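To keep things clear, I will list the structure first and then write my remarks on it.
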């Protein structure tokens with residue numbers, strides 16, 4: 001069960017409802033959005049239902065949600081939500097391009113890659129300072145030094161940026177620099193990390209796990225929302241199947257399914273799913289065609305020398321086609337390409 005409070009509901013109104021629910025043996029989890037407060041109720045549904053919830057001051061609506069995720073469900077918020085990264089929106093109103101280097105290697109490489117992303121029409125930059133890798137011998141990222149390079153580069157270019165955080169202990173450090181925090185596929189069910197990024201107050205980019213069902217993916221988002229942070233973007237980045245011809249299988253059907261289950265924006269990652277440069281643009285077309293709210297791609301000035309995922313990174317010769325592809329397919333689906341806010345400010349430590 002979910003209680004939706006009016007926009008003008010006071011803290012006293014909210015506390016009065018919470019006390020009544022807890023007195024009835026239930027529990028209440030408050031999530032404050034940009035325009036309204038949503039309260040998820042758990043416990044003895046029969047006893048809670050006996051409360052005159054509609055009559056409490058400040059209550060706008062009471063919804064019965066059958067699914068285990070309450071706060072991120074479409075029932076909890078019928079209108080799709082828009083997540084703001086700096087002054088750049090991600091939501092159903094348009095298609096947002098996120099681009100940059102998979103990994104921060106040097107200041108020069110990061111600047112070149114981020115300039116490529118900007119030239120391709122990216123409204124948000126991406127880059128990895130902390131890299132969870134399958135092999136302990138693979139490049140693990142530059143850590144704090146890489147984060148500083150990425151922050152300085154994004155500020156210089158004038159776009160917000162998203163970067164991955166891999167341990168709860170690093171959340172505060174990364175959140176002090178980044179405009180958005182990414183939880184990668186390998187960490188989708190790292191529940192303590194989900195709680196920490198939720199409490200950071202930053203928007204969160206949540207990638208689907210390699211073997212996760214859609215329900216598990218959305219439940220991971222519920223962990224973040226449970227902290228009071230509804231600024232969550234879901235990323236379909238490919239799941240592991242029996243097919244060896246691609247790195248992973250991009251589940252384009254997951255986009256409309258997730259959009260029907262939740263009010264959160266849903267974007268695709270064609271770089272990590274296809275794993276090959278020549279597959280990225282076709283997968284971009286497929287993702288936007290089924291309604292994805294955005295695309296996140298890797299670019300690199302010299303992918304043959306890349307320390308991480310060079311084969312999937314787009315190069316300079318791909319930028320015009322990437323820009324045209326996003327524009328044409330967005331227009332064909334009745335939407336527009338999201339541009340960076342004219343006064344977008346990168347958060348400074």
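No value in this document is a laboratory result; all are computed from the given coordinates. If you're wondering where the values come from, they're calculated on a predicted model, not measured in any experiment. Cβ atoms come from the backbone with ideal geometry, glycine included; neighbour counts cover every protein chain shown.
In a GNM of the chain with a 10 Å cut-off on Cα contacts, which of 283, 205, 17 has the highest mean-square fluctuation?
So, out of 283, 205, 17, the one fluctuating most is 17.
What is the angle, in °, between the Cα long axis of helix 144-157 and the longest principal axis of the Cα atoms in the chain? Nearest 10 is fine, range 0 to 90.
With rounding to tens, the tilt is 90 degrees.
Hey, what angle do you get for helix 277-289 against the long axis of the chain, alpha-carbon based, 0 to 90 degrees rounded to 10?
That helix lies at roughly 30 degrees to the long axis.
Please work out how much length the chain gains when fully extended from residue 27 to residue 286, using 0.36 nm per residue of separation minus the C-alpha to C-alpha distance, in nm with one decimal.
89.0 nm
Please identify, among 210, 307, 230, the residue showing maximal mean-square fluctuation in a Gaussian network model of the chain using a 10 angstrom Cα cutoff.
Maximum among the listed residues: 307.
So how much slack lies between residue 44 and residue 324, counting 0.36 nm per residue of separation and subtracting their Cα-Cα distance, in nm?
95.5 nm
Just to be sure I understand: with springs between alpha-carbon atoms less than 10 Å apart, which residue in 95, 266, 65 has the highest mean-square fluctuation in the Gaussian network model of the chain?
Largest GNM mean-square fluctuation: 65.
Fully extended, how many nm does the chain gain between residue 243 and residue 191 (0.36 nm per residue separation, minus their Cα-Cα distance)?
That pair, residue 243 and residue 191, stretches by 15.8 nm at full extension.
So how far apart, in nm, are the two label points at residue 10 and residue 133 if each is 7 Å from Cα heading toward Cβ?
5.8
Set the Förster radius R0 to 30 Å, insert the Cβ-Cβ distance between residue 339 and residue 106 as r into 1/(1 + (r/R0)^6), and round the FRET efficiency to 0.05.
With R0 = 30 Å, the Cβ-Cβ based efficiency is 0.55.
Hey, what number do you get for the chain at 222 nm if only DSSP H runs of n ≥ 4 count, each worth -39500 (n - 2.57), divided across all residues, to the nearest 500?
My calculation for the chain gives -9500 deg cm²/dmol from helical runs alone.
Provide the FRET efficiency to the nearest 0.05 for the residue 304-residue 61 pair, computing r from the beta carbons and using R0 = 51 Å.
The value I calculate is 0.35.
Quick one: Cα centre-to-centre distance for the stretch 79-131 and the stretch 1-66, in angstrom?
With the stretch 79-131 and the stretch 1-66 each reduced to a Cα centre, they are spaced 37 Å.
Normalised by the residues of the stretch 77-233, what does the relative contact order come to in percent, with Cα pairs under 8 Å and at least six apart?
For the stretch 77-233, the relative contact order is 18 percent.
Using Cα-Cα distances under 8 Å and only pairs 6 or more residues apart, what relative contact order does the chain have, in percent?
Relative contact order for the chain comes out at 20 percent.
Taking the DSSP beta bridges in the stretch 83-337 as the whole, what percent of them are antiparallel, to the nearest 5?
Within the stretch 83-337, antiparallel bridges account for around 15 percent of the total.
So what's the angle, to the nearest 10 degrees on a 0 to 90 scale, between helix 11-23 and the longest Cα principal axis of the chain?
70
What does the highest-first list of 316-324, 162-170 look like by mean Cβ count within 10 Å?
Packing proxy ranking, top to bottom: 162-170, 316-324.
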